1. Any residue in the range 37-53 that's in the same structural domain as Met179 (by TED's automatic domain parsing): show its pairings with residues that are of a type in the set (Phe, Trp, Tyr) and assigned to a strand (DSSP E or B) at Cβ separation under 7 Å, as long as the two are six or more apart or on different chains.
2. Which one of these is free of Cβ contacts under 8 Å to residues at least 40 places away in the same chain and within 23 Å of the chain's Cα centre (by Cα): Ala425, Ala466, Ala451?
3. Restricting the range 330-347 to residues that are among the hydrophobic types (A, V, I, L, M, F, W, C) and over 20 Å from the mean Cα position of the chain (by Cα), which is nearest to Ile150 (Cα to Cα)?
4. Regarding Met145, is this residue touching a residue at least 24 places away in the same chain (Cβ under 8 Å), assigned by TED's automatic domain parsing to the domain that holds Ser42, closer than 22 Å to Pro275 by Cα and not in a loop (DSSP other than H, G, I, E, B)?
5. I'd like the full set of residues that are over 21 Å from Pro420 (Cβ atoms) and surrounded by 14 or more Cβ atoms within 10 Å (Cβ to Cβ), limited to the range 356-368.
6. Which condition from (1) part of a helix (DSSP H, G or I); (2) crowded, with 17+ Cβ neighbours inside 10 Å; (3) not hydrophobic (A, V, I, L, M, F, W, C) is the one that Asp53 breaks?
7. Looking at the range 451-468, is at least one residue assigned to a helix (DSSP H, G or I), outside the structural domain of Ile363 (by TED's automatic domain parsing) and loosely packed, with under 14 Cβ neighbours inside 10 Å?
8. What do you reckon, is Tyr139 over 22 Å from Pro28 (Cβ atoms) and either at pLDDT 95 or above or buried (at least 23 other Cβ atoms within 10 Å of the Cβ) (or both)?
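The values are calculated or read from the model by the stated rules, or taken from the named source; none is laboratory data. Predicted model only: the values in this text are computed from it and were never measured. Methodologically, a virtual Cβ is constructed for each residue, glycine included, from the backbone with ideal geometry; neighbour enumeration extends over all protein chains shown.
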Amino acid sequence: MNIFSSFDTLTKTNSFAKLPTDFYTRLPTTPLDQPRLVHASSVVAELIGLSSDALNTQAFLDVVSGTTAMPGGETLAAVYSGHQFGVWAGQLGDGRAHLLGEIQGPTGTFELQLKGAGMTPYSRMGDGRAVLRSSVREYLASHAMQGLGIPTTRALALVAARNPVMRETVETAAVVARMAPSFVRFGSFEHWAARKRPELLRTLADYVIDRFYPECRQNNSAATTAEYEPYVQLLRSVVQRTATLMADWQVVGFCHGVMNTDNMSILGLTLDYGPYGFMDGFDAKHICNHTDSGGRYAWHAQPAVAHWNLYQLANSLYEIVPDAAPLKAALDEFEPAFLAAMQTRMSQKLGLGAWQAGDETLIDDLWSLMQASHADFTLTFRQLAYAPGLTQAPEQRVEFDLGATVNAHLKPFVDLFIDPSAAQAWLARYRTRLGTQALENWQARVQGMLAVNPLYVLRNHIAQQAIEAAQQGDFDEIERQMILLADPYAAQPGQEAYAAAPLAGAPHLEVSCSS
């Protein structure tokens, strides 16, 4: 039984608020009209020591809706700048987000931030609000990514209200209460570099190192270490985290949609869910953001864009690191780190074991095979575990583990392709790569592949179901999806519709920067 706790009993540290006031503006949130709690996550609440009982209280709703300040917190909006779609956008900042404070939880500290809680000095032409549609998408997405084991911000609560908000049409307001150890972005560093304020850039870098990367000092404590060496080590650490994050995104078909430098976390977290999407039919040039007409943030481009963004971070740090060579050396570590992470993850997804010469060609040819047929991204890897000739599993087991996504003849994988003969030819090579021993021990291979290839991902049409239900006042669909997304690798009886690809000819759902 949980010991009752509430916001006023939690330990607050508010370290970001202790930085100079140049970094933020203190201001209250703007209350909503009769806010209603749509959903709250007890799992996320545990991270800050908040009891599940507290989630049902008026005091909890008052804080996560922005009606009242968090007891012991210091409400503020942070300033930052950034490159948007490759173009310098100048000063940006928390235009519709308020940092309520920082909480010391059982396993670490988390900042609590409200998205959609009103205007700030950084709102520019915006209204400071979020709408229910996009808020449902962000709430579900952060839980989906956590279930997939991908670093992400977390969502504590989702609140809806009557307030009208004008987007393409008139919609209703909502607030997402989200958490992260820090919401500092690449653009936070770009801001002070662009303003030629090296002293504030150094203050921010020291803050990030001391709070989140102390090893950058511990590993460079010799008397001969240059004073700027910790900042080089910071860049190296961020490069490594960002490289592995990109591999995480790529292997599940996740597209962020707006990889601007102000949307890149200094901690290597997936940050700011806007027009994201999990790919259905595979297309290496898939664009999930309708606003991105040039395809800058297409699936295949994401690793290169991340590297470009890291280059902008390095440019900022150059203001306090007088030698460009070590910064460039740190940036050069991105590609090998990304490729190593991709090799590890793809080996696991295909059940290959240790990487061998020729595996890259085998995997590249699989991508080409998928591209030619626009084979479903998620189901291709899931069904490969039970491809014909690779197991002796009973039909009932195959059908269950694949969420009833196979046809009556039980030909998983092959039937996903327009040209079955091409799929069979690739399978023959794959079978040879696995070898006789692997085929004899197929149970272990299948178990390992099912553990890393999800059955349920937050496809756009699935998220849309939750949005449309919520807009009608039915929030049960959110709870159903939350349960599935918490463990997307385990098949659940009766949930076949959530595993299936969208029906052929179904309307294409477009998402844009307003999403």
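1. Note: pairs meeting the criteria are Leu47/Phe110; Ile48/Phe110.
2. Values: Ala425 fails: within 23 Å of the chain's Cα centre (by Cα); Ala466 fails: free of Cβ contacts under 8 Å to residues at least 40 places away in the same chain.
One residue alone meets the criteria, Ala451.
3. Narrowing the range 330-347 to residues among the hydrophobic types (A, V, I, L, M, F, W, C): 330-331, 334, 337-342, 346.
Retained after the next criterion (residues that are over 20 Å from the mean Cα position of the chain (by Cα)): 330-331, 340.
Details: Ala330: 23, Leu331: 22, Ala340: 17 Å.
The extreme case among them is Ala340.
4. Numbers: touching a residue at least 24 places away in the same chain (Cβ under 8 Å): yes; assigned by TED's automatic domain parsing to the domain that holds Ser42: yes; closer than 22 Å to Pro275 by Cα: yes; not in a loop (DSSP other than H, G, I, E, B): yes.
Spelling it out, Met145 is indeed touching a residue at least 24 places away in the same chain (Cβ under 8 Å), assigned by TED's automatic domain parsing to the domain that holds Ser42, closer than 22 Å to Pro275 by Cα and not in a loop (DSSP other than H, G, I, E, B).
5. Filtering the range 356-368 for residues over 21 Å from Pro420 (Cβ atoms) gives 356-361.
Scanning the range 356-368 gives Asp359, Glu360.
6. Unmet for Asp53, out of (1) part of a helix (DSSP H, G or I); (2) crowded, with 17+ Cβ neighbours inside 10 Å; (3) not hydrophobic (A, V, I, L, M, F, W, C): (2).
7. yes
8. Numbers: over 22 Å from Pro28 (Cβ atoms): yes; either at pLDDT 95 or above or buried (at least 23 other Cβ atoms within 10 Å of the Cβ) (or both): yes.
Considered against the rule, which asks whether it is over 22 Å from Pro28 (Cβ atoms) and either at pLDDT 95 or above or buried (at least 23 other Cβ atoms within 10 Å of the Cβ) (or both), Tyr139 comes out as yes.
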